[in-house]
Amino acid sequence: LKLHGKSLEPKQQKRKARRAIRHSCKVVLTLEFREKAEGSDDWVVSSKQIQGRVLDLSDEGAAFFIKPPATASQLFPFRINLFDGTHIEGEGEVRWVKQKESAKGYTIGVQFSQIDEINLERVFAFLRELDNTLGMAKEAE
């Protein structure tokens, strides 16, 4: 692949394929948290729905901004709410976590581990819309 007459390395090709989201797409994740049980040395696992924001998106994964920390390798269901009222659902795996102290939260890299054909087509349609509008698509009111 060439960009402005220069060949791109495979890593650069993959990076180029991601789309930064230029409007506010929300995501809802269901993450498991392990907490020490009150008055006991036992640990309790609880699931909580976490709301976040989509930072970038590709057909293989996404980057999300969330407030509570996530754990690398953690699997979780997600639902991305798109600006046009549709949504993308699947399961993802946290590949990396970066603390963003200035925003008091975390950016997580997520690889899609399960996403059906219908939802994958929604990803492709959304990415085409971003390409056609330079990421400045009109948000639903």
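The values are calculated or read from the model by the stated rules, or taken from the named source; none is laboratory data. Being a predicted model, the structure only gives us computed values, none of them experimental. Backbone-built Cβ (ideal geometry, glycine too); neighbour counts: all protein chains shown. Heads up: the accessible areas ignore ligands, DNA and RNA and are worked out on the full protein's heavy atoms, side chains in. Shrake-Rupley method; radii C 1.70, N 1.55, O 1.52, S 1.80 Å.
A few remarks follow.
- Using the Karplus relation 6.51 cos²θ - 1.76 cosθ + 1.60 with θ = phi - 60°, the per-residue 3J(HN,Hα) values for the stretch 38-48 come to 4, x, 8, 8, 7, 9, 10, 9, 10, 9, 9 Hz, with x marking Gly and Pro.
- q = 0.19, 0.24, 0.25 Å⁻¹, the stretch 29-125: log10 I(q)/I(0) [Debye, one scatterer per Cα]: -0.91, -1.29, -1.36
- Accessible-area value, VAL54, 1.4 Å probe, nucleic acids and ligands omitted, Å²: 0 Å²
- Ranked by solvent-accessible area (1.4 Å probe, protein heavy atoms only, all chains present), the residues GLU129, GLU117, GLU60 order from largest to smallest as GLU117, GLU60, GLU129.
- Rounded Å value of the spacing that divides the Cα centres of the stretch 49-74 and the stretch 84-111: 1 Å
- Under 5 Å between amide hydrogens, built in the peptide plane, is the criterion, and for CYS25 it picks out VAL54 among residues at least 5 positions away or on other chains.
- Taking amide H positions as modeled 1.01 Å from N, with prolines and chain starts lacking one, the residues under 5 Å from GLY105 and 5 or more places away or on another chain are LYS100.
- Spin-label model distance (nm) - VAL45 vs THR133, 7 Å beyond Cα toward Cβ: 4.0 nm
- For the stretch 81-132, accessible area per residue (1.4 Å probe, heavy atoms of protein chains only), Å²: 61 Å²
- Backbone N under 18 Å from the THR30 label point (7 Å along Cα→Cβ), restricted to the stretch 88-116: 88-94, 112-116
- Take each peptide in 32-38, 91-97, 118-124, count the other Cβ atoms within 10 Å of every residue, and average; sorted highest first, the result is 91-97, 118-124, 32-38.
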